[in-house]
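Participant: Dumping the structure here so I can ask a few things about it.
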Amino acid sequence: MSDVVSRLGLLDELRALAKKSASVEASLITTFTLNGLFYEEVILRALERAGSRLNILLVDARELAIAFQDPNTRPRRAGKDYLLIPVDAGGAFHPKIALLFSPKMPLIAIGSHNVTDSGYTRNDEVTICWGSKSNGVPRDILEASLAFNLDWARTSVGLEELIDKVSSRLSRISSETAVVPGKSTVFIGWRPGEKSLLQQLKQRVPGPARKIFLISPYFDDNLELMQELAIGWAPGEIVVGIQQQSAMLLRPEKAPSIVRFVEFSAPAAIEKSDGQRQPPFLHGKVMALETESELFVVVGSPNASAPAWLQGRGTEGNAEAAVVLEGELAQTAFEALGLNALANAPSLSVAALAEIAVRAQAIRQMAEKESAPSIPVLSAIATELGWLLPGLEAKDCRSAVLMGPQDLALSKATFHPRAGAVEFLLEGKKISSGTLRIDAEHGPLAFAILNDRPHLLKLLRPREAGRLLEALGRIEDYEGFDDLFDLFERHVLGSESISLPTKSQSSAQTSSRSASDDEQSMPGPRGISLASIVQSMNGRPQLEKDDLVADFLKALIRDLAPPASKNEGDPPDIDEEDQDPSKRQASNSEPASSLPPGGWERLVTACRKLAF
Amino acid sequence: LGKLLDSPKTAWIGRPVYRPGLDNLGTQQPCVLIYSHLLPGITNVTDRAVYYGFYPWFIRAFVRRYLDADGNQFRAELRKADCLLTLIAQRHGFVTSDADGSRHGGACPGTQKLGPAVQRLSPTEDLSLSRFTDRAETNPDRYFKNVLGGLGQYYLGVLRDEMGVLIGDARVGIKFIQEIAHPIADDFASDDEEALFFNTLEADKVSLQDLDNLVAFCPCALADGWRPNAQARLIDLIFGDSRLDQPKSSRRRNALGLLLSYLNECSGSATYDTVQSYLTACYSASFDGKSAWALPEDYEVVRRSWALYVRNEMLSLAWLGLFKAVLDCLDGLPKPIFSVAQAANWLLKQHEFAYRPKMDFDRVISTEYEDLPNLNASDNEKHEVQVWIALTKNPVSPLPLAVALLQKLIARHGAGKGVYNEVGVSREDLSGYPLNLETLGNQVRRWSGLSSEAWMRSLLIEVLSAHQRVAIRKLGQSGEDTLMIRTGEGGLFVDRLIDRIPETQPRLQQTLQIVRDLGLCEPLVPGYVPRLTERGLEKLAALSA
């Protein structure tokens, strides 16, 4: 069983990854609402510090369009530094999942937390997290949530090929990830063609239930979910915890008679919040079902609403994701989340509920009044000179604006009809990544994101591969390199990770030391002369391990390549005794036109001996 | 345990550390960079000149006495020494009943714990130094948490990075540079004084008599001429007399020289606030608010730099004044506002934001330009300095003052580029700080042609955006949450208010204290500009030679 922890600093966990030498390879995060500034400045920064090269963000397309309209929430590095995928799920693309791929310290968090400053720092959000304190992540949860996200990513037109490569890379990293048993937990998520989320839950929790507990900030107008719960599990009582100040409960009178609404507050944060003018917004979504024999707790993105749970009915359903816990884990979660307070909490009066409804209706009306028409967001495809914009018609496109810190009107933009699409061209310049706002005659027509495919493909490579290419002098043609690196990784590096340079490891060790360790190791004071602190710059720099690896790879490539013409170029103007010994050895090797059977293994064994 | 480590954690998300940031818009950063450039080696926490000599002396003496001591022994003795010096200073201040306590134990490390302890001490009692140096969290008498006490918390950075006296830190150990530290240590205390001091440390207890016997270590001893060698050595160190080849020493020397010139010109005249008077003089290029202040080129460069600091400070106050008005107005239940543009529109409809400049932006600036008094005439009510002073007095409605100050700054200085070149502040230094004098130029070009309504709207968008960018960037860098306004699921709401418009502290108070500690000026009491002493006049003459 797990210990009871009421609060988990998810942001602190992410920020601590670098210090813990987590060596994150990639990340995949999903969100409904987005603050692009928060993602780039806080989350992405933490991931990049932890080494993550391939970062993927899936966002609800309509919410992404809203984020683009405000310079403060607009993504600015999308397409270049990370892969941004707008998802049009029909209903809301609503899952909040964070998957961090790392051989040593993977992390999965599935909950109610959008990628906004409120979602990670201010609201009362709920999460289930592996990797924070655990030794690994459960393979079935990792694979199920990865497959779920990739399926949704594939629905974004124009990214299919890139997603295939991403899928392949992430699957490979996943296979190397530290795992723990996934007992008592099941991932459930809705995507087209699957049973509704409620039906999936029913498979896990057949019922009947004595009691059902719900916590949610949002509800469907007719409280259909509650009707279904009442029918499907025939509970004696459904206790619904809400925050009166913020709950969007428009018609409480529609609730079945067994429903009891109560005020709920998440267990108080340990962190001081002196001076804060508003209480935290209760945004967490939890369902707990108490059957005759067992307790089940569902934690994730679905609100207590029909679109979240009853996909396939009338209105379009949401993409949602959650984890069902059972047994001891469910008991611990129930306690940690403070759900035991629900059972004995006094019911809200009819008058209080009426007040909540009036407030919620006023907010709904105000929101409808203020809401701007939805602007589609699409993934553009790079052409030879411009961008292909699927789904648009050239006759509608009037102008284009490059979105950035300041919008830049592109006066030389032209639009050309292509089959079922429009090609955007900019006279005299090609834009390789970024976001455009395409304007029609009377306002914005669409946002188009161009992910920089070649650059992102580079980010797909393992970190070591990138560094080796760098060390090899940025060779122009990378074709076949990945296969070569694969060989090199398997035969030369084996399972040993060289992902972190020695320097990082030592600094990480230093930073993770406790203060008392530092104090113990501090030597006494000394006097030194000025001359002794002047660094000598005359010594030959020592080759570091990485340079050696690059040299050995050069040797391997030379052995695989056809013999080079001896007439090409002049010999280097360097005396032999001035040459670095390791390089001398490499340059003394005679190129071989082909390797005899077993030659490769002998060569790499020799290289390993030299390198390590 | 294995099972525990395999389990997930289901929990509510914890919140990051909350810090009520002072620089909520990042507008103060250029000010910080400018005064750091002008006064390297003096910081907002290096208040007393004596410590520039005391710590090098102590470390050198410790090494001579305990050659093979390890870091633990060093730390223990250093902390005791820190306490002992503060006790000596507090005791001396108490004995002399000096109305100006800052001459003695003011701003010495651990004063809050050690001051009352020495005051309560009777002639027959002893105080245990270890009682105060024990770092245990449970120790109610702990004088300082930092392992290296006042050295680690306040003075190590300047003695290492700016003065080049020490190297290292608490983790790798402290070393002193012999060529620089030896002369300081030699002049700081005699062998007899050293023996007396260390004997007291070793005894680990002090009586009032012991403290009185060690009175020569009181910080006032430098200014009062009891320790002429130490005084001369520290003047040399702080004015950089022996290190004129070092750019930082040279800058500090010129900054101190200009300050001495100003004190000399004012000759003890009455003032509301010496620091503000000095900065006003620098900004308006006039120490009397009437005539131009003629200065040699070295000092003129420094004056211009301080003028730039003031200009940026005024800009910062204008933006922060506007920000405070925004916070006050938006306070209350979340509003269905989900973008800065919506927020600006909402604010402009509120009576608190009914204020509008009387004309469109271009005409406002041209009219302001016509009305501005001469730069020297800082006493004129239309001078920007007067608006600056008004904003620092926490006005009930800062909005008109903030806008007026912006207008005056734009009218006075235009929209030039390369504003910070002379103070070594680069474009990279300012990346992430969207509201500064350089960006003001760009904004002015964008504002040209706007109606007063549109200009106000633009100002609000700028201020709201800047806060979001600066606070979220800080969250990413340090993990500290300084957001004052948020957009949550329920809309926009104010999370925290600010009590008053924050000003920067340009190290001049510390500089005046250090100059005073060195015996170059006196007294340092409210209401009057300090007057140069004979020694100060000599120093000024030497600097000018």
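Participant: Which trypsin sites (Lys or Arg not before Pro) in the range B:353-420 sit in a loop by DSSP (not H, G, I, E or B) and have at most 11 other Cβ atoms within 10 Å of their own Cβ?
Facilitator: Sites meeting the loop and neighbour criteria: B:K358, B:K393, B:K417.
Participant: R0 = 56 Å: FRET efficiency of A:A419 with A:V358, Cβ-based, nearest 0.05?
Facilitator: Efficiency at R0 = 56 Å is approximately 0.60.
Participant: Quick check: net charge around B:D517, other residues with Cβ under 15 Å of its Cβ, Lys/Arg +1 and Asp/Glu -1?
Facilitator: Summing Lys and Arg as +1 and Asp and Glu as -1 gives +2.
Participant: Now for a different question. Label points 7 Å out from Cα along the Cβ direction at A:S293 and A:E370: separation in nm?
Facilitator: A separation of 5.1 nm, rounded to one decimal place.
Participant: What ³J(HN,Hα) values, in whole Hz, does the Karplus curve 6.51 cos²θ - 1.76 cosθ + 1.60 give for the range B:391-408 when θ = phi - 60°, with x put for Gly and Pro?
Facilitator: Those phi angles translate into 5, 6, 9, 6, x, 4, 10, x, 4, x, 5, 4, 5, 4, 5, 4, 4, 5 Hz.
Participant: Report, in debye and to the nearest 20, how large the dipole of the range B:355-402 comes out about its Cα centre when Lys and Arg carry +1 and Asp and Glu carry -1 on their Cβ.
Facilitator: 240
Participant: With a ≥ b ≥ c taken as the square roots of the eigenvalues of the C-alpha gyration tensor of chain B, please select rounded if a/c is under 1.5 and otherwise prolate if a/b is larger than b/c or oblate if it is not? It would help to have the intermediate numbers written out before the result.
Facilitator: Numbers: a/c = 2.24, a/b = 1.42, b/c = 1.58.
Taking the square roots of the gyration eigenvalues as a ≥ b ≥ c, chain B is oblate.
Participant: Also, I was wondering about something else. Would you work out the charge dipole size for the range B:304-358 about its Cα centre, treating the Cβ of every Lys and Arg as +1 and the Cβ of every Asp and Glu as -1, and quote it to the nearest 20 debye?
Facilitator: Here the size comes out at about 260 debye.
Participant: If Lys and Arg each add +1 and Asp and Glu each add -1, what is the summed charge of the other residues whose beta carbon sits under 13 Å from the beta carbon of A:A446?
Facilitator: Here the count lands on -1.
Participant: Same structure, new question: Which pairs break 29 Å Cα to Cα here: B:K80/B:K474; A:K202/A:K285; A:K80/B:K324?
Facilitator: As for pairs spanning more than 29 Å Cα to Cα, those are B:K80/B:K474; A:K80/B:K324.
Participant: Could you please report the charge total around A:S246, scoring K, R as +1 and D, E as -1 over all other residues with beta-carbon less than 14 angstrom from its beta-carbon?
Facilitator: Details: positive: A:R122, A:K285, A:R359, A:R364, B:K335, B:R486; negative: A:D124, A:E125, A:E263, A:E355, B:E489.
Charge balance in the 14 Å sphere: +1.
Participant: Between B:A454 and B:R427, what FRET efficiency follows from the Cβ-Cβ distance if R0 is 41 Å, with the result rounded to 0.05?
Facilitator: Rounded to the nearest 0.05, the efficiency is 0.90.
Participant: At 7 Å along the Cα-to-beta-carbon direction for both B:Q153 and A:K183, put a label point, then send me their distance in nm to one decimal.
Facilitator: 5.1
Participant: Give a quick list of trypsin sites (Lys or Arg not before Pro) in the range B:230-303 that DSSP marks as loop, anything other than H, G, I, E or B, with at most 15 other Cβ atoms within 10 Å.
Facilitator: Working: sites: B:R233, B:R243, B:K248, B:R251, B:R252, B:R253, B:K290, B:R303; in loops: B:R243, B:K290.
Those satisfying the criteria are B:K290.
Participant: Provide A:Y120, B:Y283 in ascending order of the number of other Cβ atoms located within 10 Å of each residue's Cβ, fewest first. Can you show the working numbers first?
Facilitator: Values: A:Y120 29, B:Y283 24.
So the ranking, lowest neighbour count to highest, is B:Y283, A:Y120.
Participant: State, to one decimal in nm, how far the label point of A:R172 lies from the label point of B:K205, with both points 7 Å from Cα in the Cβ direction.
Facilitator: Simple spin-label model gives 7.3 nm for this pair.
Participant: Can you list which of the chymotrypsin sites (Phe, Trp or Tyr not before Pro) found in the range B:1-110 are DSSP loop residues with at most 15 other C-beta atoms within 10 Å?
Facilitator: Passing both the DSSP loop test and the Cβ count: B:Y66.
Participant: Indicate the gyration tensor shape class of the protein assembly as shown (rounded, prolate or oblate), computed on the Cα atoms with a ≥ b ≥ c the square roots of the eigenvalues: a/c under 1.5 is rounded; otherwise a/b larger than b/c is prolate and the rest oblate.
Facilitator: Cα axes put the protein assembly as shown in the prolate bin.
Participant: Next question, about the same structure. Given a cut-off of 19 Å, name the pairs among B:K290/B:K393; A:K20/B:K175; B:K290/B:K382; B:K335/B:K393; B:K358/B:K382; A:K165/A:K430 whose C-alpha atoms lie farther apart than that in the structure shown. Don't skip to the end; give the middle numbers.
Facilitator: On the way: B:K290/B:K393 24 Å; A:K20/B:K175 30 Å; B:K290/B:K382 14 Å; B:K335/B:K393 31 Å; B:K358/B:K382 17 Å; A:K165/A:K430 25 Å.
Beyond 19 Å: B:K290/B:K393; A:K20/B:K175; B:K335/B:K393; A:K165/A:K430.
Participant: Once you order the gyration tensor axes a ≥ b ≥ c over the Cα atoms, which shape class does the range A:324-474 get: rounded for a/c under 1.5, otherwise prolate or oblate by comparing a/b with b/c?
Facilitator: Oblate shape, in that a/c is at least 1.5 and b/c is the bigger or equal ratio.
Participant: Arrange the following residues from fewest to most other Cβ atoms within 10 Å of their Cβ: B:D161, A:D124.
Facilitator: So the residues, fewest neighbours to most, are B:D161, A:D124.
Participant: Report ³J(HN,Hα) in whole Hz for each residue of the range B:159-165, in order, from the Karplus equation J = 6.51 cos²θ - 1.76 cosθ + 1.60 where θ = phi - 60°; Gly and Pro get x.
Facilitator: Couplings: 5, 8, 7, 9, 9, x, 8 Hz.
Participant: Within the range A:43-73, what residues put their amide N at less than 17 Å from the label point 7 Å along the Cα-to-Cβ vector of A:D407?
Facilitator: Only A:64-73 fall inside the zone, counting backbone N under 17 Å.
Participant: Going by Cα centres, the range B:176-200 and the range A:360-418 are how many Å apart?
Facilitator: 73
Participant: Any chance you could give the angle, 0 to 90 degrees and rounded to 10, that helix B:452-478 forms with the longest Cα principal axis of chain B?
Facilitator: 40
Participant: Using +1 on the beta carbon of Lys and Arg, -1 on that of Asp and Glu, and nothing else charged, what's the dipole of the protein assembly as shown about the Cα centre, debye to 20?
Facilitator: On the way: 125 positive and 146 negative charges, 260 e Å.
Dipole size: approximately 1240 debye.
Participant: Pop the C-beta distance of B:D126 and B:W226 into the FRET formula with R0 = 30 Å and round what comes out to the nearest 0.05.
Facilitator: 0.70
Participant: Shifting gears a bit: Could you work out the helix-only [θ] at 222 nm for the protein assembly as shown, with each DSSP H run of four or more residues adding -39,500 (n - 2.57) and the total divided by the number of residues, to the nearest 500 deg cm²/dmol?
Facilitator: -13000 deg cm²/dmol, from helical runs alone.
Participant: If you find the alpha carbon centre of the range B:215-271 and of the range A:166-208, how far apart are they in angstrom?
Facilitator: The range B:215-271 and the range A:166-208 have Cα centres spaced 71 Å from each other.
Taken together, the values in this text are just the output of simple stated rules run on the coordinates, not laboratory data. Owing to the predicted nature of the structure, the values given are computational and were not obtained by experimental measurement. Methodologically, a virtual Cβ is constructed for each residue, glycine included, from the backbone with ideal geometry; neighbour enumeration extends over all protein chains shown.
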